[in-house]
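Here the structure comes first, spelled out in C-alpha cells, and everything after it is commentary.
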Amino acid sequence: MLAETGQNIEKSVDILRNNGLVAIPTETVYGLAANGFNQTAVAKIFEAKNRPFFDPLILHISNAKMLNEIVTKIPQKASQLMEKFWPGPLTFVLQKSNKVPDLVTSGHSTVAVRMPNHPLTLSLLDNLEFPLAAPSANPFGYVSPTTAKHVFDQLGSKIPYILDGGSCEVGLESTIISFENELNPTILRLGGISQEKIEEIIGKVSCNVNQNSNPQAPGQLDQHYSPYCKLLLINNIKLNISNIPKILFFSPVTRGKYFENNMIFPHEPIYLSENNDLVEAASKLFSTLRDFDQKGYDTVFIEMSPDQGIGRAINDRLTRAMVKRH
Ligand code: TXA
Ligand code: MG
C-alpha cells in the first residue's frame, strides 16, 4: 500500500479517529500525526519513524479549550508568548494533565504543546476531539521534510494519507521553551522564533540546547538532521582551483570572505539565500540538504550562517548534520 496525497480533511479525520497515521503540513516542517490521547495510535508513530521511545512528542492544538485539557497550569510568561506567537513556530513544555498518555511524554511529568500556523492543519484540528501528537515526518535522525513529496519519498509505504499543504514557509522546526521551572524559562531547541524575539516579550531567558547538559530533550542529539552526504566546514580546508569541491555558501555576499567574488568555480556554488536573507535561508536549508542526497553528492563543504536571529537555528541544524553517523 502506498500513501495517497491530497487535501481531503474528511478523509484525514476518518483515519485519525480510527487510530491511523496522517502526515500533516505545518509552517515549520511536515508532521507525522496520530490521536495524542490514544496510546495505540501514538505507538504507530514510533514504529513508522523508527524513533526511540525515550524521545517525547509534541501535541498540536488549535484552541485554548484543548490546551486546558492537556496542561494543568499556564504560567503568565508562557501565556504572554502564546498571545504573541500562536499560531506559530513556538512550542511550550508545561506540566501535563492526566489525559496525556505516558507514551507521548516518555514518562515525563511535562508535555510539549504548540498551535501550528497552517490553515489546512488548523481546520483539521478544529474537526477533531483530540490533540495531534506529531514529530517531524522523517525517519529518526534524518533531515526533516518540508514538502509532501519529501514525506512520500521516505514514509510513503508506511502511512495511508499525506495532507498536502505545499512547501513549509519557515522550513525549520519550532523553537521549544520549557516552563518546567517557572522562574527560569529555558529554550531547549532553537527554531522558528529567535531568542531575541522571545526576550522582547518576557525578558531574559536561559538557553540550554546541548545534549550533554540536557538529556531531557533527546531530539537534541549531537547527530541529527543528517543527510547521507558528508558535510565539512569550509574554513577547515585549504582550497585551490584544482581541488575545489561542491560548496554551500550562505549567500553570494558571504562567499566573498573565502574567494574573490569574480572567481570562476568548477562547480557552481550553492547558496542558501541569493538575497543574503536569514529567513529565506532557513526555509531552504532542509530541502537543500536532501537535494545533496538526491544528486548523490559524496561531500559538500559548507559555510555557517551569520550567528544571529534565526541564523542561530540554521547553525544548530548544520552543526548536528555535520556530526558523523554512528
Ligand atoms: O516544528 C515542530 O516542532 C515540528 C512540527 C511537526 O510541529 N515537530 C517536531 O517534532 O519537530 P520532533 O518530535 O521532531 O521534535 C520534538 C522535540 C524533541 O526533541 C523532544 O525531545 C522535545 O520536542 N520534547 C517533547 N516533549 C518534551 C518534554 N516534555 N520535555 C522536553 N522536551 C520535549
Ligand atoms: Mg524531528
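Assorted remarks:
- Condition met for residue 93 (over 19 Å from the mean Cα position of the chain (by Cα), under 15 Å from residue 178 (Cβ atoms) and of a type in the set (Val, Ile, Thr)): no
- With respect to the conditions (1) within 12 Å of ligand 1 (Cβ to nearest atom); (2) farther than 14 Å from residue 44 by Cα; (3) of a type in the set (A, V, I, L, M, F, W, C), residue 132 falls short on a single one, namely (2).
- Selection within the stretch 44-60: residues that are in a loop (DSSP other than H, G, I, E, B) and within 11 Å of ligand 1 (Cβ to nearest atom). The member of this set that is surrounded by the most Cβ atoms within 10 Å (Cβ to Cβ) is 57.
- Residue identified as surrounded by 16 or more Cβ atoms within 10 Å (Cβ to Cβ) and away from ligand 2 (no atom under 15 Å from the Cβ) among 6, 36: 36
- Of everything in the stretch 310-326 that is at pLDDT below 95 and assigned to a loop (DSSP other than H, G, I, E, B), the residue that is farthest from residue 229 (Cα to Cα) is 326.
- The set of residues in the stretch 281-290 being charged (D, E, K, R) and in contact with a Pro (Cβ under 9 Å, 6 or more places away or on another chain) consists of 290 alone.
- For the condition touching a residue at least 60 places away in the same chain (Cβ under 8 Å) and closer than 18 Å to residue 116 by Cα, residue 29 qualifies.
The values are calculated or read from the model by the stated rules, or taken from the named source; none is laboratory data. These figures come from a predicted structure and were not determined experimentally. All Cβ positions, glycine included, derive from the backbone under ideal geometry; neighbour counts span all protein chains shown.
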